[in-house]
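Engineer: Would you mind keeping the following structure in view while I ask a few things?
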Amino acid sequence: MARLILAIETSCDDTCAAVLDGPRVLASTISSQAAAHAEFGGVVPEVASRHHLQLTAPVVDAALREAGTTLDDVEAVAVTVGPGLIGALLVGVSTAKAIAAPRRLPLVPVDHLQGHVAANFLEPDPLEPPFVCLVASGGHTLLAGVREHAAYELLGQTLDDAAGEAFDKVARLLGLGYPGGPALERVAREGDPDAFELPVAMSRDPGLDFSFSGLKTALAYLCRDLGEDGVAERRADLAASFQAAAVDQLVAKLDRALKRGEWRAVALGGGVAANGPLRAAVADLCERRSVRLKLVPLQLCTDNAAMIGSAARFSDAIPYPDYLDYDAFPTKPPADGPIRQGHLDVSARRR
Ligand code: KG4
Ligand code: ZN
């Protein structure tokens, strides 16, 4: 297994590179594009791709510099190949190939969600499977049953909006800018979580899937009925009530997963894991159920390349030149080895 890994992540609106020596992160550089998307109230895919195009090379350079190393020392290049915005992913995948191929280095394609799980395998204090990982971000909400380093079982996932997406949309309804999660949490501190009765979705559903669109719609109707002045007056109560209902659903499903399996620990990933009331509720649940709670630092919860390098340590590398026609995937990339889309005959073209 290669020890020195350069990892690249460009699946959404953060341009990220990291250098890992085994499970140790030597550098993790993140250039957030949040400001570029704020004026549009959400991520604009083409704007994201163009920013990645400008930022990927300097971000890789910065990570190598911070790690005190050069491309000559890198033994493998890891890159997020999906799921994500296809144009954004292609910038990362092309950059990774352009770095790896001239040096005859292996390329390790990484599933972004496997990356969120693998953030827990990094030093210090790496978590050993088995554990349940709740990943809640702007694009995904899922419960992963992790029994081995290389893969996870999908225990449940959102049937509609991701949790972070719901925070962002409700924040927008309340006039709170983008990204909305942190702003909504701040405003909610001044509000009463019981002020409005909101549906805790999927509470009667026996499965482990999530749904956030009903909650979002309930908020939209409330705002419509209250009118502009009413919303302004009750903003903190609306934020607190929404946040409580969202957290309740996440924690209820996590509790159900714990009851179903012999899990020794719980981990959190994704940007929503930054939410204080969610962290407190999960900590409380873990104490009640006597399982360990592993919380990685916030910069490893949100999108970063260190988690991609971590997942790469347990994934199959593709030797040079077999990855030259490797594609990117807007949805989940294939799990069973280096399958490519398109099956282009590059070997014939090289001759
Ligand atoms: O993991 P992440 O950085 O990027 C994605 O892969 O989406 O997650 C970003 C999401 C956004 O929807 C943002 O509003 C949400 O995480 N978020 C929060 C908080 N901080 C970030 N949601 C609730 N409370 C927070 N404190
Ligand atoms: Zn993510």
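Engineer: Over the chain, with a Gaussian network built from C-alpha contacts below 10 Å, which listed residue (Asp168, Asp225, Asp13) shows the highest mean-square fluctuation?
Structural biologist: Asp225
Engineer: Separate question: Using per-residue counts of other Cβ atoms within 10 Å, averaged over each peptide, order 182-191, 110-119 from highest down. Spell out each step's value before the answer.
Structural biologist: Details: 182-191: 18.1, 110-119: 27.2.
Descending packing order for the listed peptides: 110-119, 182-191.
Engineer: Taking a threshold of 26 Å on the Cα-Cα distance, which of the pairs Lys169/Lys259; Lys169/Lys332; Lys97/Lys294; Lys169/Lys294; Lys259/Lys294 fall above it?
Structural biologist: Lys169/Lys259; Lys97/Lys294; Lys169/Lys294
Engineer: Given the options Thr70, Leu122, Ala236, identify the residue whose Cα lies farthest towards the positive end of the charge dipole of the chain (+1 on Cβ of Lys, Arg; -1 on Cβ of Asp, Glu).
Structural biologist: Positive-most Cα among the choices belongs to Thr70.
Engineer: Counting DSSP beta bridges in the chain, what percent are antiparallel, to the nearest 5?
Structural biologist: Values: 26 of 43 bridges.
Antiparallel: roughly 60 percent of the beta bridges in the chain.
Engineer: Then there's this: Be a star and scan the stretch 219-234 for residues whose amide nitrogen sits under 11 Å from the point 7 Å along the Cα-to-Cβ vector of Glu190.
Structural biologist: From the stretch 219-234, the list is 233-234.
Engineer: For the chain, take the longest principal axis of its alpha carbons; what is the angle in degrees between that and the long axis of helix 163-173, to the nearest 10 within 0 to 90?
Structural biologist: The helix 163-173 is inclined about 50 degrees to the chain.
Engineer: Report relative contact order for the stretch 1-157 in percent, whole number only (criteria: Cα-Cα under 8 Å, sequence separation at least 6). Please list the in-between numbers first.
Structural biologist: On the way: 296 pairs, mean separation 32.5, N = 157.
Relative contact order here is 21 percent.
Engineer: Using only the alpha-carbon atoms of the chain as identical scatterers, what base-10 log of I(q)/I(0) does the Debye formula give at q = 0.11, 0.14 Å⁻¹?
Structural biologist: Evaluating at q = 0.11, 0.14 Å⁻¹ gives log10 I(q)/I(0) of -0.73, -1.11.
Engineer: Round to the nearest 0.05 the FRET efficiency obtained for Asp72 and Arg279 when R0 = 51 Å and r is the Cβ-Cβ distance. Working shown, then result.
Structural biologist: Numbers: r = 42 Å, r/R0 = 0.81.
According to the calculation, E is roughly 0.75.
Engineer: Need the full-extension length gain, Tyr320 to Asp225, defined as separation in residues times 0.36 nm minus the C-alpha distance. One decimal, nm.
Structural biologist: Working: separation 95, 0.36 × 95 = 34.20 nm, distance 6.07 nm.
Going from the current span to full extension adds 28.1 nm.
Engineer: A follow-up question, please. Among Cys133, Cys12, what is the fewest-to-most ranking by other Cβ atoms within 10 Å? Don't skip to the answer; put the middle values down first.
Structural biologist: Working: Cys133 28, Cys12 24.
Exposure proxy ranking, most exposed first: Cys12, Cys133.
Engineer: Enumerate the calculated ³J(HN,Hα) couplings along the stretch 223-228 in order (Karplus 6.51 cos²θ - 1.76 cosθ + 1.60, θ = phi - 60°), each rounded to whole Hz, writing x wherever the residue is Gly or Pro.
Structural biologist: Values, residue by residue: 5, 4, 5, 6, x, 4 Hz.
Engineer: Separate question: Working out 0.36 nm times the residue gap between Arg204 and Glu233, then minus their Cα-Cα distance, what length gain in nm do you get to one decimal?
Structural biologist: Numbers: separation 29, 0.36 × 29 = 10.44 nm, distance 3.29 nm.
Taking Arg204 through Glu233 to full extension adds about 7.1 nm, to one decimal.
Engineer: Could you work out how far the C-alpha centroid of the stretch 251-287 sits from that of the stretch 155-225, in angstrom?
Structural biologist: Spelled out, the Cα-based centre of one part sits 18 Å from the other.
Engineer: Using the Karplus equation 6.51 cos²θ - 1.76 cosθ + 1.60 (θ = phi - 60°), what ³J(HN,Hα) coupling, rounded to whole Hz, does each residue of the stretch 298-310 give in order, writing x for Gly and Pro?
Structural biologist: Using θ = phi - 60°, the values come out as 3, 5, 9, 7, 7, 4, 7, 9, 4, 5, 6, x, 5 Hz.
Engineer: What do you get for the angle between helix 276-289 and the principal long axis of the chain? Use alpha-carbon atoms, 0 to 90 degrees, nearest ten.
Structural biologist: It is inclined by approximately 90 degrees.
Engineer: Quick one: which residues, 5+ away or cross-chain, put their amide H under 5 Å from the amide H of Leu127? H built at 1.01 Å from N.
Structural biologist: Phe121, Leu122
Engineer: Taking Cα atoms, how many degrees apart are the long axis of helix 45-67 and the longest axis of the chain, rounded to 10 and kept between 0 and 90?
Structural biologist: 60 degrees
Engineer: On to the next question. Taking Cα atoms of the stretch 50-157, Rg/Rh with Kirkwood Rh, to two decimals?
Structural biologist: On the way: Rg = 15.7 Å, Rh = 15.6 Å.
Reported Rg/Rh (Cα atoms, Kirkwood Rh): 1.00.
Engineer: Determine the calculated [θ] at 222 nm for the chain from helices alone, applying -39500 (n - 2.57) to every DSSP H run no shorter than 4 residues and normalising by the residue count; nearest 500 deg cm²/dmol.
Structural biologist: Working: 11 runs with 148 residues, N = 351.
For the chain, the value works out to -13500 deg cm²/dmol.
Engineer: In whole Hz, what ³J(HN,Hα) sequence does the stretch 323-331 give by Karplus (6.51, -1.76, 1.60; θ = phi - 60°), x for Gly and Pro?
Structural biologist: 3J(HN,Hα) across the stretch 323-331, in whole Hz: 9, 4, 9, 5, 9, 10, 10, x, 9.
Engineer: Label point 7 Å out from Arg50 along Cα-to-Cβ: which residues of the stretch 71-96 have amide N under 19 Å?
Structural biologist: 85-92
Values quoted throughout were computed directly from the atomic coordinates according to the rules given, and no laboratory measurement underlies them. Small disclaimer: the values here were computed from a predicted structure and weren't measured. Cβ: placed from backbone, ideal geometry, glycine included. Neighbour counts: every protein chain shown.
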